[in-house]
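The block underneath contains the structure these notes are about, expressed in structure tokens.
The values are calculated or read from the model by the stated rules, or taken from the named source; none is laboratory data. In this text the structure is predicted, and so the values were computed from the model without any measurement. Neighbour counts run over all protein chains shown; Cβ positions are idealised from the backbone, glycine included. Just so you know, the surface numbers come from the protein's heavy atoms only, side chains and all, with ligands and any DNA or RNA stripped out. Shrake-Rupley method; radii C 1.70, N 1.55, O 1.52, S 1.80 Å.
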Amino acid sequence: MKNYFSRCLATCFLTLIISLVVLKTEAGSFTATDSVPGVRKIQDVVIYQDNKFHAAFPSVIKKKNGEIILAFRRAPDRKGFGEKGTSHVDPNSYLVAVKSKDGKTWTAEPELIYAHPFGGSQDPCLLQLKDGTLLCASYGWAFVRPDGVPNLKKPYFQAGEATFLGGYVLRSTDGAKSWQGPLYPPHIQPEINHTPLGNMVPAYNRGAMYEGKDGRIFWVVAATDREKPSKTSNHLLISSDKGMTWQYSCPVAVDDKVSFNETSIYETPKGDLVAFMRTAGLDDQACIARSTDGGKTFTAWEKMGFQGHPLQALRLPDNRVLVSYGYRHKPLGIRARILNAECTDFATAPEIVLRTDGGTGDLGYPWAVQLDKSKVLISYYFNVPGGPQHIAGTILEIK
């Protein structure tokens, strides 16, 4: 009997070692959540799920009264109509929101934020200003019928049957009870495309804005600056009137081969502006650029040393910065790193693996919010094998 249990124990140990080796071989070297000092994963939560809808691209803020608001894009799951699948552009793609008091339990039925009159909307990006004003940046797609497409002013950008409308901003001064707008940001010179209405595309992006210490709002937007082959670059807009109007400041990242888009910006305690950028044409490498002069210029972009997109930055109570990002390589999931206050150790900060159970690459886009002094909710959209795209989250304790 003793030898039997010894053999069983040895077999279990060997199985565990083999499993870890296989996991490391598939995923590359990474750090499990609880092995990062001071970081403990508490739980994963489902924030919103309905099999009739494709839910994606969340952003989240915590109001001054403690209420948490999470915005996301919701569109019909087209398989319900007998279609082959659901894409990221849809004429019935609306901006909606759910609410919570603790980050664990959420309102079941989303509230409508905005339905675009000319098409579907994408990626609601929330920002809460110091005075409580809420901004929500988004962009839209119009579905032009085949007989109208030859009449569109060229160049224009299409994704499937949808033609790009460009960006807009919504504002709320009553805690998201009502929204004003849309306000249309200016067209920036590098952008070459036209909207279906024949105007130049207004500035747009998916990514977090940031309100600086001096009250200015910083927003890194994308621009299609070449038609063939298509390529995008990043540029900085600044608002001095709480998002009512925007002025072009400078390029953030431009390259002949690499595309930069879906960028979040962050201001460090020292006053540097740090842009965390998604790329295309660079093997999914996350990139960073920095301004040390208040957004007048940015240093040359550089790789951060890891794959992931897009990224979002949250200042922790001790001024460290939690950077979270989606991971669309095996094992599919969500990851994060905790950087120092000035975001200079991005290449050496250990990687925190939050989820590795993703079913397909249609996941990610994390956005974090501080729940209390030690707990953080990282929201994202997710799917597990055989399941629908839904909004989920991971609650971490960070000491």
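Computed quantities for the displayed model
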| quantity | calculated |
| --- | --- |
| Intensity falloff of the range 342-396 expressed as log10 I(q)/I(0), Debye formula with alpha-carbon point scatterers, at q = 0.31 Å⁻¹ | -1.17 |
| Greater than 24 Å apart at Cα, pairs in Lys101/Lys373; Lys303/Lys373; Lys330/Lys373; Lys177/Lys399; Lys213/Lys373 | Lys303/Lys373; Lys330/Lys373; Lys177/Lys399 |
| Cβ charges +1 (Lys, Arg) and -1 (Asp, Glu), total dipole of the chain, debye | 660 |
| Residues with amide H under 5 Å from that of Val252, placed H, sequence gap 5 or more | Asn234, His235, Leu236 |
| Whole-angstrom gap from the range 338-399 to the range 265-334, using each part's C-alpha centre | 14 |
| Cα pair count fraction exceeding 21 Å, expressed as % - the range 299-382 | 28 |
| Rounded if a/c under 1.5, otherwise prolate or oblate - the chain, Cα gyration tensor axes | prolate |
| Protein accessible area in the chain, 1.4 Å probe - carbon and sulfur % | 55 |
| Chain lengthening between Lys101 and Leu197 when straightened (0.36 nm per residue, less Cα-Cα) | 30.4 nm |
| Most fluctuating residue given options Ala75, Ala97, Ala176, as computed from a GNM of the chain linking Cα atoms under 10 Å | Ala176 |
| Listed residues Phe306, Phe276, Phe143, most fluctuating in the chain (Gaussian network, C-alpha, under 10 Å) | Phe306 |
| Rounded to the nearest 10 Å², the accessible area of Ile238 at probe 1.4 Å | 20 |
| Value of relative contact order over the chain, rounded to a whole percent, pairs C-alpha under 8 Å and six or more apart | 15 |
| Å² per residue, accessible surface of the range 270-399 at 1.4 Å | 34 |
| Nearest-ten-degree value, helix 2-27 long axis tilted from longest Cα axis of the chain | 20 |
